[in-house]
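The values are calculated or read from the model by the stated rules, or taken from the named source; none is laboratory data. Nothing here was measured: the structure is a model prediction, and the numbers come from that model. Please note: Cβ atoms are built from the backbone with ideal geometry, for glycine as well, and neighbour counts cover all protein chains shown.
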Amino acid sequence: MNVSNTREHSTGFENEATKMNDFELENMRQQLNTLKNKLNQQEIVNDRLIRRSMKNTAGNINRKYNIAMAVGLLMIPYTYWVFIKLSGFSFAFWLYTCVFMLLCVGATYYNRRNISDSNLMTNNLLDVRRRMARAKKFDANWLFFGVPGILLFMGWFMYDTYQTQGGTLNNPFFWGGCIGGIIGAVIGFMMHFKTQRQYQEIMDQIEDLTEED
């Protein structure tokens with residue numbers, strides 16, 4: 001009788017222990033699932049925030065390109081009025097200015113296509129990164145054409161000023177043009193390097209996202 005009761009008690013304890021273990025395991029499983037869901041939701045939120053940040057940065061570059069193209073086109077009639085009508089510069093100099101401005105506008109429009117897609121940040125991120133790298137490289141290589149073009153413009157500007165001002169450069173128009181050119185060059189280089197950093201920022205953010213995946 002005692003042996004039978006002892007066995008029954010032992011079996012009861014084992015059943016209770018098994019139930020408790022099952023309950024604890026189920027509880028731990030639920031906690032892990034809850035934690036996993038929270039992590040997944042946090043990852044989705046982070047993904048959306050990073051994509052939104054990339055979209056804003058690309059939009060900022062796109063706006064700068066649009067402004068640059070508008071200014072370039074407006075400079076064609078404006079320089080005709082300043083160089084030909086007011087200053088009497090050579091027609092060849094104004095024609096060079098127009099061609100240079102049109103090339104700048106065309107190059108800007110060409111590179112702008114890499115970031116002007118409205119669905120850019122919902123596309124495949126590796127493809128977006130390749131496009132950003134291509135745009136960054138084109139923007140950097142443009143200096144090899146743009147800087148010599150500006151130097152030729154400034155040299156020609158000095159020559160025409162010298163010719164139209166009776167063989168002297170000591171006049172307000174010349175110095176105003178030089179100061180304006182220097183200020184424009186400084187602003188242009190600042191915008192260029194800022195755009196390069198923004199391209200790199202987008203590429204780094206994409207790399208972070210793809211590494212997490």
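Any residue that is among the charged types (D, E, K, R) and surrounded by 12 or more Cβ atoms within 10 Å (Cβ to Cβ) - is there at least one of those in region 76-88? Looking for residues that are among the charged types (D, E, K, R) and surrounded by 12 or more Cβ atoms within 10 Å (Cβ to Cβ), one finds none in region 76-88, hence no.
Filter region 144-172 down to the residues that are among the hydroxyl-bearing types (Ser, Thr, Tyr) and surrounded by 13 or more Cβ atoms within 10 Å (Cβ to Cβ), then identify the one that is farthest from residue 189 (Cα to Cα). Only one residue tops the list, namely 164. Could you list, ordered by first residue, the pairs with Cβ atoms under 6 Å in which the first is in region 40-64 and at negative phi and surrounded by 11 or more Cβ atoms within 10 Å (Cβ to Cβ) and the second is outside any helix (DSSP H, G or I) and modelled with pLDDT under 85, at least 6 apart or interchain? Filtered contacts from region 40-64: 58/115; 61/115; 62/115; 62/116. Do we have residue 204 as in contact (Cβ under 8 Å) with a residue 12 or more places away in the chain and out of contact with any helix residue (DSSP H, G or I) (no Cβ under 6 Å at 6 or more places or on another chain) here? So residue 204 fails the test.
In a residue-by-residue description of region 129-139, the property of being under 22 Å from residue 202 (Cα atoms), buried (at least 16 other Cβ atoms within 10 Å of the Cβ) and touching a His at 6+ places or on another chain (Cβ under 9 Å) applies to at least one position.
Among the residues of region 85-129, those that are at pLDDT below 90 and among the small types (Gly, Ala, Ser) comprise 87, 88, 116, 118. Among the residues of region 102-119, none qualifies, meaning not one is surrounded by fewer than 18 Cβ atoms within 10 Å (Cβ to Cβ), aliphatic (A, V, I, L, M) and in contact with a helix residue (DSSP H, G or I) (Cβ under 6 Å, 6 or more places away or on another chain).
Look at region 82-105: where a residue is touching a residue at least 12 places away in the same chain (Cβ under 8 Å) and a partner is part of a helix (DSSP H, G or I) and among the aliphatic types (A, V, I, L, M), sitting 6+ places away or on another chain with Cβ atoms under 7 Å, you get 94/84; 98/76; 101/75; 101/76; 105/69; 105/73. Pairs are defined by a Cβ separation below 7 Å, a sequence spacing of at least 6 or placement on different chains, a first member in region 163-179 that is under 20 Å from residue 92 (Cβ atoms), and a second member that is part of a loop (DSSP other than H, G, I, E, B) and at pLDDT 80 or above; the pairs so defined are 164/87; 164/88; 164/89; 173/87.
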